[in-house]
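Enquirer: Structure incoming, see below.
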Amino acid sequence: MDRKDFLITVGKGVFLACSGSCLLAACSTGDDGGSNVPDTNGGTGGNPVDVTVNLSDLATVGAQKTQNGVLFIRISEGETSSSFVATESLCPHQGGRLLFQGSANLIECQLHAARFEVDGGIIRGPQNSSGSVRALKIYTTTINGSSITARKA
Ligand code: FES
């Protein structure tokens, strides 16, 4: 083997060793390949997120408050978790705003008028639009003093 062949052979070996270790390094940073973009629940990577509002914003039956993607609704008197519902604030169809309609005791999408029970069940799907909806997520709530917290999971 002359000097030129030796350098070519060594160069190929160095290239392969470097590219292999570089690829391994890129794959060993702890990145699971998932996205860091917040999901529709507002969390990242499926981690639960707590959203809190003051109970004074939900003082009367039928009162509602949207905060960080959560629609809080007071459905009855009292200061226990069962007096409230916390659900998604955006429709799972195409992201229309959801509002509680107290007179009918249901949640309605302001975009295509899908309707949901306060337990998240579907009453009807989108009107004058293709596609369907899934049931709304209902978040667990806890009361702490003068505030209520929903855990988006
Ligand atoms: S976005 Fe709600 S029904 Fe279409």
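Here, each number is a calculation from the coordinates, and none is a lab measurement. For clarity, every value in this text was computed on a predicted model and none was experimentally measured. Positions of Cβ are generated from backbone atoms using ideal geometry, with glycine treated the same way; all protein chains shown enter the neighbour counts.
Enquirer: Based on Cβ point charges of +1 for Lys and Arg and -1 for Asp and Glu, what charge dipole magnitude is obtained for segment 49-152 about its Cα centre, in debye rounded to the nearest 20? List each step's numbers first, then the result.
Expert: Working: 9 positive and 8 negative charges, 63 e Å.
Magnitude of the dipole: close to 300 debye.
Enquirer: Gain in length, Ala153 to Leu99, computed as 0.36 nm per residue apart minus the alpha-carbon separation, to one decimal in nm? Could the numbers behind the result be given before it?
Expert: Details: separation 54, 0.36 × 54 = 19.44 nm, distance 2.10 nm.
Separation in residues times 0.36 nm, less the Cα-Cα distance, equals 17.3 nm.
Enquirer: Hey, another quick one. What length, rounded to one decimal in nm, is gained on full extension from Ile143 through to Ala113, with 0.36 nm per residue of separation minus their alpha-carbon distance? Before the final figure, lay out the partial values.
Expert: On the way: separation 30, 0.36 × 30 = 10.80 nm, distance 3.12 nm.
In short, 7.7 nm is gained.
Enquirer: With an 8 Å cut-off on Cα pairs and a minimum separation of 6 or more residues, tell me the relative contact order of segment 49-152 in percent. It would help to have the intermediate numbers written out before the result.
Expert: Working: 234 pairs, mean separation 27.3, N = 104.
Answer for segment 49-152 is 26 percent.
Enquirer: If the chain between Leu106 and Thr80 were fully stretched, how many nm would it gain, using 0.36 nm times the residue separation less the Cα-Cα distance?
Expert: Here the answer is 7.3 nm.
Enquirer: Here's something else I'd like to know. Can you give the local net charge around Phe116? Use residues other than it whose beta-carbon is closer than 15 angstrom to its beta-carbon, Lys and Arg +1, Asp and Glu -1. Let's see the in-between values first.
Expert: Values: positive: Arg97, Arg115, Arg124, Arg134, Lys137; negative: Glu88, Glu108, Glu117, Asp119.
Charge balance near Phe116 sits at +1.
Enquirer: Using a ≥ b ≥ c from the Cα gyration tensor of segment 111-150 (square roots of the eigenvalues), is it rounded, prolate or oblate, where a/c under 1.5 gives rounded and otherwise the larger of a/b and b/c decides, a/b for prolate?
Expert: Working: a/c = 3.89, a/b = 3.16, b/c = 1.23.
Here segment 111-150 falls in the prolate category.
Enquirer: Quick check on packing: order 86-94, 71-79, 130-138 by the mean number of other C-beta atoms within 10 Å, highest mean leading. Display every interim value, and only then the final one.
Expert: Numbers: 86-94: 20.1, 71-79: 17.2, 130-138: 14.2.
So the peptides 86-94, 71-79, 130-138, ranked by packing, come out 86-94, 71-79, 130-138.
Enquirer: Note down the Stokes-Einstein diffusion coefficient of segment 49-152 in µm²/s, whole number, using a Kirkwood radius over alpha carbon pairs, 20 °C, and 1.002 mPa s.
Expert: Values: Rh = 13.6 Å.
Result for D is 158 µm²/s.
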